[in-house]
Amino acid sequence: MYRLSELAGHIGGQLSGDPDYCVLGLATLEDAQADQLSFFANPRYLKQLKASEAGAVLVHASAAAHVRHNAIVVDDPYLAYARLSQLFDWRDTIQPGICPTATVDATAQIDASAQICAQAVVGPDVIIEAGVYIAPHVVIGRGCRIGKDSRIEAGVVLYPDVVTGARVIIHSGSVLGADGFGFARHQQRWVKICQLGGVRIGDDVEIGAGVTIDRGALSPTRIEQGVKLDNQIQIAHNVVIGEHTAIAGCTGIAGSTRIGKRCTLAGMVGVTGHLTLADDTHVTAMSLVSKSIEKAGTYSSGTGLEPHQQWKRNVVRFRQLDELAKRVRSLEQARAEDINKVSKT
């Protein structure tokens, strides 16, 4: 529970209303009750703002007059909401110590302020820094290092030689450091290439549930500071993802591709291997990136949704494009020849 004056002070907002009003949680404008705080960041929800029962609303000064009860006036209500949400997070505070059912190698170095939960496995030469939380059934392989104040949620597997920075969050079911997909062809068979690199994760990275990040073939796969990864993403060996890039769910990135800084890849984007994407590149959902992008901007591929019968007709037309292009080229050539004949007469 927080008083409105505390919340306003936390985000540097201007309070309009009762400073002692108590807030128990956060909710949408539509669902909020009298003991909850909401936010208004999109003009499309003005009707909901005017009708909201929220005890208080984060709002820009231009819309403050429409708040029915208390308001905290800020320049960016959505950013203010993000910051206040951290005060109401569901995660429990760390209880330092190692559960008796955890298996910890004698050579591991674990800071006294870290928490190792039930059935976790910590391998040899692992270093776990201050304030780290290791949830139940996490497996941390040989030579890994977990930076301070990081959280590794239940069921995560870190293969040997995975190193994270500070304040990293890895959600359940993710696997970091599995072998990259490397094989050499020999007499109609495949010969495995042992993947000898590790994985390096920068500070303030968040990795969603069910993400796989393969280890490098020789040098490490690198996820730089501030990167945010959604659920169900595949990152192949020796990929480098630049600082503060955000990637949405079900995206796949093939090996040795370099994604620049501050990029965004929407859901189900596919990026083929050995490419480079410039800083500040934005790729829309379900696009296929098959060549390097050298200039910042927004890029798309594929076709938009349309009625099925129309889509089938367009597919037929698409198959005819090559023939049509040849016919147009032939007609243009014939016309040029006719013009040339006329000019000579």
task = Please tell me if Ala120 is in contact with a His (Cβ under 7 Å, 6 or more places away or on another chain) and farther than 25 Å from Ile11 by Cα.
result = yes
The one condition Thr272 fails out of (1) open to solvent by 30 Å² or more (accessible area, probe 1.4 Å); (2) farther than 23 Å from Gly216 by Cβ is (2)
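Is it fair to say Asp279 is touching a Lys or Arg at 6+ places or on another chain (Cβ under 6 Å) and not in a strand (DSSP E or B)?
Spelling it out, Asp279 is indeed touching a Lys or Arg at 6+ places or on another chain (Cβ under 6 Å) and not in a strand (DSSP E or B).
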Residue hits (the range 134-159; open to solvent by less than 40 Å² (accessible area, probe 1.4 Å) and not hydrophobic (A, V, I, L, M, F, W, C)) are Gly141, Gly143, Gly147, Ser150, Arg151, Glu153, Gly155
Review point. Is it true that some residue in the range 83-98 is of a type in the set (A, V, I, L, M), modelled with pLDDT of 95 or more and more than 30 Å from Cys22 (Cβ to Cβ)?
Key: yes
Would it be correct to say that Thr164 is at pLDDT 95 or above and open to solvent by less than 70 Å² (accessible area, probe 1.4 Å)? yes
Of the residues in the range 139-165, those that are small (Gly, Ala, Ser) and closer than 16 Å to Gln109 by Cβ come to Gly141, Gly143, Gly147, Ser150
Counting only residues that are closer than 24 Å to Leu218 by Cβ and under 19 Å from the mean Cα position of the chain (by Cα), the range 275-311 contains a total of 2
#### Entry: Any chance Arg68 is in contact with a helix residue (DSSP H, G or I) (Cβ under 9 Å, 6 or more places away or on another chain), at pLDDT below 95 and among the charged types (D, E, K, R)
yes
Residues of the range 95-116 being under 15 Å from Asp149 (Cα atoms) and surrounded by 13 or more Cβ atoms within 10 Å (Cβ to Cβ), in sequence order, are Pro96, Gly97, Ile110, Asp111, Ser113, Ala114, Gln115, Ile116
Taking the range 250-269 and keeping only residues that are open to solvent by 40 Å² or more (accessible area, probe 1.4 Å) and assigned to a strand (DSSP E or B), one is left with Arg258, Thr264
Restricted to the range 285-316 and to residues being of a type in the set (Val, Ile, Thr), open to solvent by 50 Å² or more (accessible area, probe 1.4 Å) and not in a strand (DSSP E or B), the residue farthest from Ala246 (Cα to Cα) is Val316
Within the range 141-157, restricting to residues that are free of Cβ contacts under 8 Å to residues at least 40 places away in the same chain and assigned to a strand (DSSP E or B), the one that is nearest to Glu129 (Cα to Cα) is Ile146
All conditions in (1) closer than 30 Å to Glu53 by Cβ; (2) over 23 Å from the mean Cα position of the chain (by Cα); (3) not β-branched (Val, Ile, Thr) are true of Tyr81 except (2)
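The values are calculated or read from the model by the stated rules, or taken from the named source; none is laboratory data. As the structure is a prediction and not an experimental result, all values here were calculated from the model. Because the Cβ atoms are built from the backbone with ideal geometry, glycine has one as well, and the counts that use them run over all protein chains shown. Note: accessible area is taken over every heavy atom of the protein model, side chains too, but ligands, DNA and RNA are not part of it. Shrake-Rupley method; radii C 1.70, N 1.55, O 1.52, S 1.80 Å.
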